Amino acid sequence: MWLLEAIGVLPEPLLVGFWGMEASRALIAGTELGIFDALAEKPRTAPDLAADLGYDAIGTEALLNALNGFGYLRRADGQYTLSRRARRWMTSDARFSMVRPMGLYRVLWDEFGDLEDRIRHGGERDFHHPDRDAEFWRRYETGLGAAAALTAPSVAKAIPFAGTPRRVLDVGGGHGAFSAALCRRHEGLRATVLDFEPATVIGRELIAEQGMSDRVEFVAGDLLEAEWGEGFDGVLLFNLLHVFSPKQCEAILAKAHDALAPGGTVAVYDAAHKETGGNINAVGGGSELLFYAINNTRAYPEATMRDWVASAGFADLRSKHPLGMPEVLITGRRA
Ligand SMILES: C[S@@+](CC[C@H](N)C(=O)[O-])C[C@H]1O[C@@H](n2cnc3c(N)ncnc32)[C@H](O)[C@@H]1O
């Protein structure tokens, strides 16, 4: 089979369009249903696992076989065990566990359900509406937080501060993972996360899990309306500007300027739209579609974001790509 693919005989869209869909749903279902954690405890046959978890026997076996086919489980003498890949990523206690991101991907499946209609007709969608149910906010913030934890230490390291930072404001910081990473890096630093109330409920729990509640606090509010406070040494605008219109982004940068002490650093970290010419990589193209599907928005070009930072009065602008990631980190200093 893989040989057929390698020589270009197997239609590649079949792999991505059909198997990609099956693999994605099997992985999500495997985590949602606790299959990986259960098999990490002890290998089992399909009927035993179904009986232990109280699931349908035929459905359980079908899922196990799919996960076996996609390389996440091994099967020998009817017993299923985790493959190396599954042990590395798919259990709750794995070092870089993908269990929580899978919960977020489950939410995103629903958002993509009417994609064709949305592209045909456009229309508004407010993904981050504070009235969405608690389960949405749990999946969203825990999933984002777990994904952010992979890059947060490197992003934190890349942010320049004039002196020793004491207070940072993490606007739309939700899960608090970037704040926590920054606090771990800078002794004595305290962070305030501003986000919608249901996001702060989850963020507080996640930060408590990490034993960082004395360093990271949460304030609930709509960032467009709320007072941000003042005298901060840093303001983080992480994965945030793509949620808002250009006018709102300008207003957000102006608020960041007002919230900073002289010499303070603003840090924008976001997907950057590749303006003209040339190919876009899968991460960049995928983000564009995701932002449209969930928010009706898009990633902005790096030059546009830099213009907003400069127009708000910041100097000493720098752009970096921590870990070589497609997201750009733009920093500027308040005079
Ligand atoms: C894409 S997430 C980014 C979260 C985090 N900064 C990160 O980089 O992973 C956007 C965050 O902004 C928050 N948000 C969106 N609109 C907001 C608003 N008007 N007021 C407060 N928070 C908002 C969302 O709840 C969410 O936590």
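General observations
- Surface share of carbon and sulfur [accessible, 1.4 angstrom probe, percent] for the chain: 53 percent
- Low-density loop positions, trypsin sites (Lys or Arg not before Pro), the stretch 72-116 - DSSP coil, at most 14 other Cβ in 10 Å: R95
- Placing T276, T304 in order of accessible area, with the largest value first and a 1.4 Å probe, yields T276, T304.
- Cross-link partners for K255 among the lysines, with Cα-Cα distance under 19 Å and sequence neighbours closer than 8 places in the same chain left out: K247.
- Against the criterion of solvent-accessible heavy-atom surface with a 1.4 angstrom probe, F161, F112, F136 sort, most first, into F112, F161, F136.
- Set of the stretch 284-301 residues, backbone N closer than 18 Å to the point 7 Å along the Cα-Cβ line of T276: 300-301
- Along the axis of the charge dipole computed for the chain (Cβ charges of +1 for Lys and Arg, -1 for Asp and Glu, origin at the Cα centre), the listed residues L194, A66, L329 are led at the positive end by L329.
- In this label model, R184 and K247 are separated by 4.1 nm, measuring between points 7 Å along each Cα→Cβ vector.
- L33/Q210 FRET efficiency (R0 30 Å; Cβ-Cβ; nearest 0.05): 0.65
- Rg to Rh, two decimals, where the chain supplies the alpha carbon set and Rh follows Kirkwood: 1.01
- About its Cα centre, the stretch 138-207 has a charge dipole of approximately 220 debye under the convention of +1 per Lys or Arg Cβ and -1 per Asp or Glu Cβ, with nothing else charged.
- Calculated mean residue ellipticity at 222 nm for the chain: -14000 deg cm²/dmol, from DSSP H runs with n ≥ 4 weighted as -39500 (n - 2.57), summed, divided by the residue count and rounded to 500.
- E116-A315 FRET efficiency (beta carbon distance; Förster radius 51 Å; 0.05 resolution): 0.65
- Note on the chain: dipole from Cβ charges, positive end direction compared against C249, G234, A46; the farthest Cα belongs to G234.
- Average accessible surface for the chain: 50 Å² per residue, computed with a 1.4 Å probe over protein heavy atoms with every protein chain in place.
The values are calculated or read from the model by the stated rules, or taken from the named source; none is laboratory data. Just so you know, these numbers come straight off a predicted model, no measurement behind them. Positions of Cβ are backbone-derived with ideal geometry, glycine not excepted, and every protein chain shown enters the neighbour counts. Only protein heavy atoms, including side chains, enter the accessible area calculation; ligands, DNA and RNA are left aside. Shrake-Rupley method; radii C 1.70, N 1.55, O 1.52, S 1.80 Å.
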